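Worksheet: one structure, shown below.
Rule-based calculations on the coordinates, nothing more; no lab input. Being a predicted model, the structure only gives us computed values, none of them experimental. Every residue, glycine as well, gets a Cβ built from its backbone with ideal geometry; the counts of neighbours run over all protein chains shown.
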Amino acid sequence: MSFNNVIHNTRSWARHHLSLRTVQVRRFSHTRPLLSAGILVAGGLMLGLAGRSAFGLAQVSYLQAKADRQQAEMEQVKRGAQQEVNAMSARLGELQAQANRLNALGERLTQMGKLEDGEFNFNEPVGVGGPEGATSDMPPRELAQGLDELQARFDASGQQLSVLESLLFNRQLDRNATPSRMPLANTYITSGFGGRADPFGGGGERHKGIDFKANVGDPVLAVADGVVSFAGVRSGYGNVIEVDHGNGYVTRYAHNSRLLAKPGDLVRAGQTVAKAGSTGRSTGAHVHFEVWEDGRVVNPRKFLGENANTPVGVRGRG
């Protein structure tokens, strides 16, 4: 048998069997039409369900991807908003610190300026108000702009208060360096400035200072801030302390029993610089007090503070 005969016989056998299957299917469909229709319908339903299931899975995947994108965008917006809040919190902390500094500076200026209590209370919030109106949410950009403006105001106010503090501080230094108190506590004037009778030889003399009643050993007080320019013995004055106050004023404290400061010492108003006594040309324990202004002796009475008008022989409060 040739190869061509084999191929021909195989094709004939296949056509014969296909024809038999076709005849069987037709007989089945004629003998059982309902079952055949059911099989076709079931097949169609299965194909439809498979198609719809594939479409549904695709739609779910699309919606899930969209939700994931939205979630990522929300997270990004949330992070951005948190960064803005953190930045504003930092600015707010800086402004609060600067406000505390200005309050402290204002309180210092109130004390330096000797303002009345309650005239400027930096710990009490100021009163504000106005008619009621419509309110709305403030955009972050507007809030940031408001913080910038507040920062600029704080900076300007801080500079102005610093300048004012310097001026008041210099004024306070000048005031502290200006004689303005008694050189003794609980004393009185025994001899005034100017012409008087000479207590030793009679006749008249010009008294260059004021004498204050004292007991030996009483503290002699500096009447202002300054630097000791002399500490020693001067003819007629006995043991002397002289204080240069750096503004043209020099004060002299004479007839002391003991000196407690030396040249170059910095002394403060009210500091003890000597002990009272009766050294030099003196009839008894007392303090001789002189004030020199720009190289010339002046009446010390106007430099005695609240005791400036104390009459001779009347005890001052010191």
Please list, or write none, the lysines whose alpha carbon is within less than 24 Å of the alpha carbon of residue 78, excluding same-chain residues fewer than 8 places away. 66
Can you return the lysines within cross-link range of residue 213? Criterion is Cα-Cα under 26 Å, with same-chain partners fewer than 8 residues away left out. 262, 275, 302
What size of dipole, in debye to the nearest 20, comes out for the range 183-254 about its Cα centre when the only charges are +1 on Lys and Arg C-beta atoms and -1 on Asp and Glu C-beta atoms? 160 debye
If Rh is defined by the Kirkwood formula over all Cα pairs and Rg also comes from Cα, what ratio Rg/Rh do you get for the range 187-316? 0.94
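Quick one: putting +1 on the C-beta of Lys and Arg, -1 on the C-beta of Asp and Glu, what dipole do you get for the range 187-316 around its Cα centre, in Debye to the nearest 20? Don't jump to the answer; show the numbers that get you there.
On the way: 15 positive and 12 negative charges, 52 e Å.
My answer is approximately 260 debye.
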Could you line up 289, 193, 230 from fewest to most neighbouring Cβ atoms inside 10 Å? 230, 193, 289
Order the peptides 266-275, 247-256 from the highest to the lowest mean number of other Cβ atoms within 10 Å of their residues. 247-256, 266-275
Where in the range 234-258 does the label zone of residue 227 land, with the point 7 angstrom along Cα→C-beta and an amide N cut-off under 12 Å? 244-247
So how much slack lies between residue 258 and residue 102, counting 0.36 nm per residue of separation and subtracting their Cα-Cα distance, in nm? 51.4 nm
Once both label points are put 7 Å beyond Cα along the C-beta direction, the residue 294-residue 142 separation in nm becomes 6.3 nm
